[in-house]
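For reference, the structure discussed in these notes is given below.
The values are calculated or read from the model by the stated rules, or taken from the named source; none is laboratory data. The structure displayed is predicted, hence computed values, not measured ones. A quick note on method: Cβ atoms are made from the backbone with ideal geometry, for glycine too, and the neighbour counts reach across all protein chains shown.
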Amino acid sequence: MFDIMHNPGPVWGILILTLLAAVILSGCLAPFPSPATDDPGPGTEISSDIAPSPAGDNCSLDHLAGRGDEYLSTGDSCYFSTHSPLDFLDDLRMHPHQPVMVLAVPDGWITRDDAVMLMQEIDSEEPAAPVVSPISSYCPLEETSTVGNEALFLIEGYRTGQYPPRLCSLYYFKPDRSEVRLWWETDGRTGRIDERDAIRILQQMYPDLSSYPSDSMPPRSIRTEQADDGWYVAFIQEGSGLPIFSARCYYVDNSGTIQLTGVVNQSIMVLPQDFSPRRCG
């Protein structure tokens with residue numbers, strides 16, 4: 001018979017690795033340190049120490065606050081197909097002490113009519129549950145958000161066309177209420193997208209455009225031109241000794257629909273500041 005007391009090395013090594021794996025996989029069972037303010041990208045899957053909701057009750061908020069592993073396997077479309085953004089905000093208000101997991105919502109779930117009502121809540125300091133993505137490496141187990149913050153998180157989702165717009169509504173999300181109010185009065189109330197939103201929609205659709213603008217070599221710049229129902233946007237790569245080496249031009253309408261309007265693959269004798277996004281040249 002093998003005697004672990006006389007030959008402990010391999011066995012104890014296996015035991016130690018097993019215990020270490022258990023600690024790593026424990027997820028949100030213990031609080032994480034506060035992360036940096038920027039999204040770190042996909043992290044470890046989180047799980048909550050809250051008991052999962054009963055089988056067949058996947059359309060309730062309790063299901064979204066259940067265990068992360070079960071959540072990822074069943075999804076959340078049932079809840080969001082039966083509840084509006086205002087219903088969701090009210091549920092967050094009624095359950096302020098448990099983080100709610102949201103992986104994604106149906107396209108177009110947050111409408112302009114919803115945004116009208118959400119804007120009325122952005123100053124509320126009433127406690128509300130924070131929203132966290134199941135792929136976030138941070139889980140706010142012992143923290144609460146506010147109704148105002150979660151209303152702003154939903155509005156950000158409306159503007160970006162993606163909810164949740166960040167991995168967590170706390171830490172990773174730092175809303176500027178003044179900027180949101182200005183956007184609402186100039187563009188949001190009428191359903192128009194602004195210049196920032198048009199650029200962000202394009203960079204989310206085409207991640208390689210996220211490197212624009214840049215002062216590194218070769219320089220990259222963005223030119224925009226507003227139209228009645230959207231924006232023309234050009235992503236320009238400047239040449240070495242020549243004004244422009246290449247450019248990609250798009251049109252983004254107020255509904256967020258993207259259209260490629262032109263491509264420049266050779267140097268043209270137009271300065272970047274004179275480049276027309278509408279003409280793509």
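Of all the criteria given as (1) outside any helix (DSSP H, G or I); (2) touching a strand residue (DSSP E or B) at 6+ places or on another chain (Cβ under 7 Å), the one not satisfied by F153 is (1).
Suppose the filter is more than 24 Å from Y79 (Cβ to Cβ), touching a residue at least 40 places away in the same chain (Cβ under 8 Å) and assigned by TED's automatic domain parsing to the domain that holds C78; does D114 pass it? When the stated conditions are applied, D114 does not pass them. Considering only residues that are without any contact (Cβ under 8 Å) to a residue 24 or more places away in the chain and on the phi > 0 side of the Ramachandran plot, which ones fall in region 222-261? The one that is without any contact (Cβ under 8 Å) to a residue 24 or more places away in the chain and on the phi > 0 side of the Ramachandran plot: G241. In summary, R166 fulfils each of the numbered conditions (1) more than 25 Å from M101 (Cα to Cα); (2) basic (K, R); (3) outside any strand (DSSP E or B) with the single exception of condition (1). Being surrounded by fewer than 18 Cβ atoms within 10 Å (Cβ to Cβ) and either among the hydroxyl-bearing types (S, T, Y) or at positive phi (or both) is the filter here, so list the residues in region 172-193 that pass it. Result: S178, T186, T190, G191.
Of the residues making up region 207-233, those that are in a strand (DSSP E or B) and hydrophobic (A, V, I, L, M, F, W, C) are I222, A227, W231, V233. Exactly one residue among S214, S267, S255 is at pLDDT below 85, within 26 Å of the chain's Cα centre (by Cα) and outside the structural domain of M117 (by TED's automatic domain parsing), and that residue is S255.
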